[in-house]
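The structure appears below as C-alpha cells.
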C-alpha cells in the first residue's frame, strides 16, 4: 500500500515525511524535509511492522500465565478492574502513562479518560526528557516549546548548541538547515564535554566539566554585557529584572569561573565576542543540558541580546521522539490541561467542563516518577500506552517489584518487553505508519498522519482502544467516529490549536498558534505570553563550592533518540570513550574489556581511547550507561575485567 502524500516518520521529532512503495521506503517532501531526504532511522521506519515477534492477539494473565483472549474479554477485564479500584480506593489510585509516540488524538483521549474518571494522574515521558527547559520557557516566555521554525533557523548568524548532538540525533534538520548556513558563513559554537559529529562542523568547541553548563552560559552573559552586546531597547521594552541581573553579572570573576568549569578563558572571550557581534543568535539545546539553572541561563542570554521574537533567533528544544511536543500540548501532564493551562485555573477547567460535561479535578496529579514509586501502595492500577516504564534510570529489581505490586497493569504494545512481563492485560496496537491522526514536531508543526500500511486484522489502533475503554468506563463522551472528531474537540479546548483544521491539515501542515491564515513562524513578536507581556531575567545559582571536588571520572551518557539502540553513527553500544591521560592513569588501553562501576550499578564495556572526550570524563551510550546514573553521583570507577569473570 502506498500514499504519495506519505505519513510522518515515527521516530525523531524533526517530522520528516515518508512512505513505502513496492517495499522500499522513500522520503516525501514535507515541512521538515522539503527535498524528501531521510536519515538512517527513517529508512528503517517500517521495520517493526514486519517483526515476527509482533503482538497480534490480546493477552490476559490467568493463573500466572498470559493467555490469548478475544478483544471483548480483554476490554471487560480492564473495565471491571478499573471500576473496582475506583469504587474501593478512589480514582487517584489509578495512573495513566501516555506516549510521545502516540498521536495528539490518542494522548488527548488518554488524559480525558483519566480526568473524566476523576484523577490528574496522567503523564508522558516527553515531560521528563526536557522538563526543565520546557518549564523555564513556559514560566518565563509563555509556552513550553521551541520559539521559531526549523526553516527560520537557517537565518541565524550564530548557532549556540548546548548539551546536544543534532548532527547525529536530528541529522535531516542539521544537514538541511544548520550545515548550509555554517558553510555560508554562520558560526557554530558547541558546548559539550564530548566531541562528536556536531563538533566537527563547529568553529568553537567549549568542553566544560559536567554540571557546569549554567556556569559557562552565565559567564558568557557577563562577557557579552562587558563587550557591549546588550540589546538595550529590547531589554528596556520587553523584560523585567535587568538591573538586579546586571549587578549579579558584575560580581563574577572570569578567571575563577573558567577555572571552575575547566575551560580556556580566552575561548570564552572569543565565543562572547561572536555572540555580542551577531545580529541573530539561535540556541539549540537537548537533554544533555536539561537542568533548571542551564535553561534559565540560556534564556537570560537570549533576552540580554534581544534574540527572541524575530526571524533567525530563539530557543530550539531538540526533542527526541516524534510527538513529544504534541503529547504535552494535548494535556498528558499531571498539572496542565490541554494547551498548557494549569489544572488549578478555574476558567480553563470550566472551558473543558463545558465540552466534556465533567469538570477536571482541580488538584494536580503526580508526575510519572512519583507514580512509579507509589505503584502497589497509593496506586493500584495503571494504563500504560506505548511506554516501557520498567526501563528507566532506576533500579530494575525495584521497578519490577513496583509493577508486580499493582492490582491491575494494562499495557498497549507492539512487542513483549520488560513492562509487559508484569502486565495483567496486554493489548496489541498499531504502529505509527499504520495510523491516522496528527502529530506535532519539535517546531510546533502539526501534521497529518496517514496509514500507509494496514495492521494485522486482530490489531487495533491506540485510538480505537482508548475510545472503547472511555465509552465503557465513562459513557457517551467517547463516541467518536474517528480521529478527526477528537481533533476538533481538542481544538475547541486547546487555545494554541484553536485556528487549526483537521481538513486543512490534509493538504498543508500548520504551526500553532496561527493568526488567521498565517502560522506563527516565530513566537513573541510583540510581547511574551506572560501576565505583563514581559520576560523576566532571573538569577542563576551557579556559584560552586570554594574547592569543588572533581576527583574521579564523571560519566556522560548518550541518549536513545527515536527509541533506537546505538547506530553506526554512535559506534558500539558498550564502547567506553576515555581521554588518553585518564586511560594511562587507570592502566587501560584501547580495546580492553573493563568493568565500570559506582554505587548504583556495575557494567562491562570496551575501552575506546580518544581525545574526543575531555579529561576527567568518560562516555557511554545509554544502552550500557543508564544503570550507572540511577543514583545521585555520576562518578564511576574503572577496572580491567578479570579473565573468566
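The values are calculated or read from the model by the stated rules, or taken from the named source; none is laboratory data. Computed from a prediction, not measured in an experiment: that's the story for all the values here. Here Cβ is always computed from backbone atoms with ideal geometry, including for glycine, and neighbour counts include all displayed protein chains.
Looking across the range 219-248 at every residue that is touching a strand residue (DSSP E or B) at 6+ places or on another chain (Cβ under 7 Å) and at negative phi, the one that is surrounded by the fewest Cβ atoms within 10 Å (Cβ to Cβ) is identified as 240. Yes or no: the range 619-631 includes at least one residue that is in a strand (DSSP E or B) and either outside the structural domain of residue 389 (by TED's automatic domain parsing) or over 23 Å from residue 195 (Cα atoms) (or both). Yes: the range 619-631 contains one or more residues that are in a strand (DSSP E or B) and either outside the structural domain of residue 389 (by TED's automatic domain parsing) or over 23 Å from residue 195 (Cα atoms) (or both). Does residue 268 satisfy the condition of being free of Cβ contacts under 8 Å to residues at least 40 places away in the same chain, more than 27 Å from residue 125 (Cα to Cα) and either surrounded by fewer than 24 Cβ atoms within 10 Å (Cβ to Cβ) or assigned by TED's automatic domain parsing to the domain that holds residue 153 (or both)? For residue 268, the condition - free of Cβ contacts under 8 Å to residues at least 40 places away in the same chain, more than 27 Å from residue 125 (Cα to Cα) and either surrounded by fewer than 24 Cβ atoms within 10 Å (Cβ to Cβ) or assigned by TED's automatic domain parsing to the domain that holds residue 153 (or both) - is not met. Any residue at all in the range 303-314 that is modelled with pLDDT of 95 or more and in a helix (DSSP H, G or I)? Checked the range 303-314: at least one residue is modelled with pLDDT of 95 or more and in a helix (DSSP H, G or I). Taken over the range 461-490, residues that are without any contact (Cβ under 8 Å) to a residue 12 or more places away in the chain and either buried (at least 19 other Cβ atoms within 10 Å of the Cβ) or in contact with a strand residue (DSSP E or B) (Cβ under 9 Å, 6 or more places away or on another chain) (or both) amount to 1. Here 13, 99 are screened, and the one residue that is touching a strand residue (DSSP E or B) at 6+ places or on another chain (Cβ under 9 Å), closer than 23 Å to residue 391 by Cβ and outside the structural domain of residue 430 (by TED's automatic domain parsing) is 13.
The residue that is modelled with the lowest pLDDT, counting only those in the range 573-587 that are under 12 Å from residue 605 (Cβ atoms) and surrounded by fewer than 20 Cβ atoms within 10 Å (Cβ to Cβ), is 573. Checked against the criterion of being surrounded by fewer than 21 Cβ atoms within 10 Å (Cβ to Cβ), under 28 Å from residue 451 (Cβ atoms), touching a helix residue (DSSP H, G or I) at 6+ places or on another chain (Cβ under 7 Å) and touching a residue at least 12 places away in the same chain (Cβ under 8 Å), the candidates 122, 86, 79 yield just one match: 79.
When 188, 268, 215 are checked against the criterion of being at pLDDT 95 or above and within 30 Å of residue 14 (Cβ to Cβ), 188 stands alone in meeting it. Among the residues making up the range 579-617, those that are touching a residue at least 40 places away in the same chain (Cβ under 8 Å) and in a strand (DSSP E or B) are 593, 594, 595, 596, 597, 613, 617. Within the range 404-419, being within 25 Å of the chain's Cα centre (by Cα) and either part of a loop (DSSP other than H, G, I, E, B) or crowded, with 23+ Cβ neighbours inside 10 Å (or both) holds for 409, 410, 411, 412, 414, 415, 416, 417, 418, 419. Within the range 349-364, identify whether any single residue is free of Cβ contacts under 8 Å to residues at least 24 places away in the same chain, touching a strand residue (DSSP E or B) at 6+ places or on another chain (Cβ under 8 Å) and assigned by TED's automatic domain parsing to the domain that holds residue 123, and answer yes or no. Checking the range 349-364: at least one residue is free of Cβ contacts under 8 Å to residues at least 24 places away in the same chain, touching a strand residue (DSSP E or B) at 6+ places or on another chain (Cβ under 8 Å) and assigned by TED's automatic domain parsing to the domain that holds residue 123.
Candidates in the range 34-47 are the residues that are out of contact with any strand residue (DSSP E or B) (no Cβ under 6 Å at 6 or more places or on another chain) and over 16 Å from residue 432 (Cα atoms); of these, the one that is surrounded by the most Cβ atoms within 10 Å (Cβ to Cβ) is 39. Return yes when residue 561 is in contact with a helix residue (DSSP H, G or I) (Cβ under 6 Å, 6 or more places away or on another chain), at pLDDT below 90, buried (at least 16 other Cβ atoms within 10 Å of the Cβ) and closer than 23 Å to residue 211 by Cβ and no when it is not. Yes, satisfied.
Yes or no, residue by residue, for (1) in contact (Cβ under 8 Å) with a residue 60 or more places away in the chain; (2) on the phi > 0 side of the Ramachandran plot; (3) surrounded by 21 or more Cβ atoms within 10 Å (Cβ to Cβ):
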residue: 159; (1), (2), (3): yes, no, yes
residue: 162; (1), (2), (3): yes, no, yes
residue: 167; (1), (2), (3): no, no, yes
residue: 171; (1), (2), (3): yes, no, yes
residue: 177; (1), (2), (3): no, no, yes
residue: 183; (1), (2), (3): no, no, no
residue: 186; (1), (2), (3): no, no, yes
residue: 190; (1), (2), (3): no, no, yes
residue: 195; (1), (2), (3): yes, no, no
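For residue 135, the conditions (1) within 13 Å of the chain's Cα centre (by Cα); (2) crowded, with 22+ Cβ neighbours inside 10 Å; (3) not assigned by TED's automatic domain parsing to the domain that holds residue 470 all hold with the exception of (2). When residue 31 is tested against the conditions (1) within 16 Å of residue 433 (Cβ to Cβ); (2) crowded, with 21+ Cβ neighbours inside 10 Å, the lone failure is (1). Within the range 367-396, the set of residues being modelled with pLDDT of 95 or more, under 26 Å from residue 75 (Cβ atoms) and not in a helix (DSSP H, G or I) comprises 375, 376, 378, 379, 380, 381, 382, 383, 384, 385. Looking across the range 48-63, the residues that are surrounded by 12 or more Cβ atoms within 10 Å (Cβ to Cβ) and assigned to a helix (DSSP H, G or I) come down to 48, 49. Here 75, 66 are screened, and the one residue that is in the same structural domain as residue 423 (by TED's automatic domain parsing), outside any helix (DSSP H, G or I) and more than 30 Å from residue 152 (Cβ to Cβ) is 66.
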